[in-house]
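Each remark here refers to the structure printed beneath this line.
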Amino acid sequence: MPASSPAHPERRRRRTNRVLALAAGVVTVGALAAAGLPGSATAGEDHRKGGHGPGRYQDVQLLSFNDLHGNLEPPTGSSGRVTEHQHDGTTKTIDAGGVEYLATHLRQARKGEKYSITAAGGDMVGASPLISGLFHDEPTIEALNKLDLDVTSVGNHEFDEGAKELARLQYGGCHPKDGCYADEKFKGADFPYLAANVLDQKTKRPILKPYWVWKKNGVKVGFIGVTLEGTPDIVSAEGVKGLSFKDEVETINKYAKVLQKQGVKSIVALLHEGGFPASTSYNYDCDSPGAGDGISGPIVDIAKNVTPQVDALVTGHTHNAYVCSIDDPAGKPRMVTSAASFGRLYTDTTLTYDRRTGDIARTAVKSANRVVTRDVPKAPDMTRLISKWNTLAAPIGNRAIGHISGDIGNTGTESPLGDLVADAQLAHGKQLDPETDLALMNPGGIRAPLTYAAKAGEGDGVVTYAEGFTVQPFANTVNLQDFTGAQLIQVLKEQVTGPNEAAPKVLQVSSGLTYTLDLTKSGADRVVTDSILLDGKAIDPAATYRVATNSFLAGGGDGFPTLGQGANDVVGADDLTALEQYLTANSSAAEPIAPPKADRITIVK
């Protein structure tokens, strides 16, 4: 795979036929005298004095989004809605997302902006719906090219298929096993993927460019791209084979110095790691009562330690929406943003560039999340792209695999869909070994709800293969392992300890396994040991239990090391096949599956 370094020649971007924007849609910063800038320089214009050159201050528009995950079509259910906080204290939900609408919104926002950059915070691909995932996410890269994306960081899901496949998405070429899907060779991304903290273990160099510089009329803005250091903990071992992931802060600070030495003083970090705002409303003020008071999680410590040379952080990974000011190490507020996920939002940031210093006037930075509403015209080029790939996917995707009587959601500590998936894996496990006792499923492996309403004319309540693929797109196998009762109890406690202590990862459990999760307690005590029952009987620490999990968990993924210590492994079919078999065997048009009650885990708050 090509390695890159600061001296590596940039692959020049060639844009043709840029689509004209439709209508103005962004409010830029007004006069900046109140922000401490000279009153003679009004932001938002390319200022000129007597026609002899630009003025001192220039607004640069930064449009950003993150965690698209190949959602080209409008996502369904809760995955396709955002919550808006109203002035009267109430909230309302808004249908949002879909690349046809995202393209229109971005093009509207750019209209009239002479200096505009579009950037992303990783996970553009991976865990994608069938229309993209079936074709190794080539459709999403094509869509991002049409969106005129300038630059993105890698995320953990960019490594789902390994570093060689990521390099193919960057540089082009047909898939090594599946070949070419269209008449012409896949061209790859027109934009650079940045991977500053992802090193080839042999060369010790970044596997892709660590940074990139946007330039126009003397204005220079540098971008450093990193993913979370813990990527190996949440990606299959094969996906990160031969790679090392370095500390986010150390890496950003290192390349900020490199950019400074090259005369680039305005710097934005694209960081695939995020936080947890106190409210799920996209327009929540997380600077209330003070700067950054309304947000927690890994991004807070990272932002507080990234060098003041970095002027803003575009983040992601947690799929949350926020626009916060978090103090840098010098005690000065700095903008930190995230635009939820699946293309439901984009962030509109105004960076005021000081031509005299080459830096961003930090006190003038303004930012807000904008909803990708579906009340605007669809972008025709995106509609054509979706139609092309849907035609190729239709013979596989439209096949019915089951029936449901209502929406089966994937939200909550224990979700109805989590119960269903766990039951499907238990059933598959019993096909492999009738002695299988239970199944455990990681919530992050369930990517979307099952919705009752017909999506593409298949009929209400019909579950298609494409919908099942969207729920479980990873192609993990269903694995059986033996664990002692003591190990099983330890697994449940690992949900709320170690790397999962601050943000518990509650496994979805199959029918028959029940216990109490007491969130008023701390650490391992949150899992009440005496409450753990299997078919009404207490778990015997000395007994052996046959447990079904997916291959990711069977390797100790998601912070469950004990699950990597099982014995007598048996590898079954992939998890989507298990789900399909379960739906087919247990549902029909006359007798659809009802949403599970999600009552196996008793939550005490």
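Observations on the structure shown:
- From the list 109, 43, 96, 103, the one residue that fits, being more than 27 Å from residue 279 (Cβ to Cβ), at pLDDT 95 or above and either of a type in the set (A, V, I, L, M, F, W, C) or surrounded by 24 or more Cβ atoms within 10 Å (Cβ to Cβ) (or both), is 103.
- A search for C-beta distances below 7 Å between a residue of the stretch 421-444 that is free of Cβ contacts under 8 Å to residues at least 24 places away in the same chain and open to solvent by 40 Å² or more (accessible area, probe 1.4 Å) and any residue that is of a type outside the set (A, V, I, L, M) and part of a loop (DSSP other than H, G, I, E, B), counting only pairs 6+ apart in sequence or on different chains, returns 430/436.
- Listed by first and then second residue, the pairs linking a residue in the stretch 532-543 that is under 12 Å from residue 509 (Cβ atoms) to a residue that is acidic (Asp, Glu) and open to solvent by 50 Å² or more (accessible area, probe 1.4 Å), with Cβ atoms under 7 Å apart and 6 or more places separating them unless they lie on different chains, are 534/437.
- Only listed residue being without any contact (Cβ under 8 Å) to a residue 12 or more places away in the chain, open to solvent by 50 Å² or more (accessible area, probe 1.4 Å), out of contact with any His (no Cβ under 8 Å at 6 or more places or on another chain) and of a type outside the set (Ser, Thr, Tyr), chosen from 289, 298: 289
- Of all the listed residues (555, 498, 559), the sole one being crowded, with 20+ Cβ neighbours inside 10 Å, modelled with pLDDT under 95 and either touching a Gly at 6+ places or on another chain (Cβ under 7 Å) or among the basic types (Lys, Arg) (or both) is 559.
- Of all residues in the stretch 101-135, those that are part of a helix (DSSP H, G or I) and either on the phi > 0 side of the Ramachandran plot or of a type in the set (A, V, I, L, M) (or both) total 6.
- Annotation: of all residues in the stretch 365-416 being part of a loop (DSSP other than H, G, I, E, B) and among the hydroxyl-bearing types (Ser, Thr, Tyr), the one that is surrounded by the most Cβ atoms within 10 Å (Cβ to Cβ) is 415.
- Selection status of residue 383, of a type outside the set (Lys, Arg) and modelled with pLDDT under 95: no
- Any hit, the stretch 414-432, residues being within 30 Å of residue 572 (Cβ to Cβ), in contact with a Gly (Cβ under 8 Å, 6 or more places away or on another chain) and among the polar types (S, T, N, Q): yes
- Of everything in the stretch 462-477 that is in a strand (DSSP E or B) and open to solvent by less than 30 Å² (accessible area, probe 1.4 Å), the residue that is farthest from residue 126 (Cα to Cα) is 462.
- Test: residue in the stretch 138-159 that is open to solvent by 30 Å² or more (accessible area, probe 1.4 Å) and more than 23 Å from residue 223 (Cβ to Cβ): no
- Inter-residue pairs, beta-carbon under 6 Å, first in contact (Cβ under 8 Å) with a residue 24 or more places away in the chain and in the stretch 564-577, second open to solvent by 50 Å² or more (accessible area, probe 1.4 Å), 6+ apart: 570/432; 572/432; 574/475
- Residue list for the stretch 307-345, filter: within 19 Å of the chain's Cα centre (by Cα) and more than 17 Å from residue 366 (Cα to Cα): 316, 317, 318, 319, 320, 340, 341, 342, 343, 344
- Residue ID - least open to solvent (accessible area, probe 1.4 Å), chosen from residues in the stretch 176-232 that are basic (Lys, Arg) and under 20 Å from residue 159 (Cβ atoms): 209
- Test: residue in the stretch 508-516 that is in contact with a helix residue (DSSP H, G or I) (Cβ under 8 Å, 6 or more places away or on another chain), at pLDDT below 95 and open to solvent by 20 Å² or more (accessible area, probe 1.4 Å): no
- Any hit, the stretch 254-271, residues being among the β-branched types (Val, Ile, Thr) and assigned to a strand (DSSP E or B): yes
- Residues in the stretch 328-364 that are open to solvent by 30 Å² or more (accessible area, probe 1.4 Å) and either in a strand (DSSP E or B) or not charged (D, E, K, R) (or both) were compared, and the one that is nearest to residue 301 (Cα to Cα) is 329.
- Only listed residue being more than 22 Å from residue 215 (Cβ to Cβ) and either under 20 Å from the mean Cα position of the chain (by Cα) or of a type outside the set (D, E, K, R) (or both), chosen from 249, 268: 249
- Among residues of the stretch 565-605 being among the aliphatic types (A, V, I, L, M) and assigned to a helix (DSSP H, G or I), the one that is nearest to residue 466 (Cα to Cα) is 576.
- Subset of the stretch 529-542 [surrounded by 13 or more Cβ atoms within 10 Å (Cβ to Cβ) and not β-branched (Val, Ile, Thr)]: 531, 533, 534, 540, 541
- Residues that are among the β-branched types (Val, Ile, Thr), without any contact (Cβ under 8 Å) to a residue 40 or more places away in the chain and open to solvent by 10 Å² or more (accessible area, probe 1.4 Å) within the stretch 517-528 comprise just one, 528.
The values are calculated or read from the model by the stated rules, or taken from the named source; none is laboratory data. All of these numbers come straight from a predicted model, not from anything done at the bench. Ideal geometry is used to build each Cβ from the backbone, glycine not excepted, and the neighbour counts take in all protein chains shown. Note: accessible area is taken over every heavy atom of the protein model, side chains too, but ligands, DNA and RNA are not part of it. Shrake-Rupley method; radii C 1.70, N 1.55, O 1.52, S 1.80 Å.
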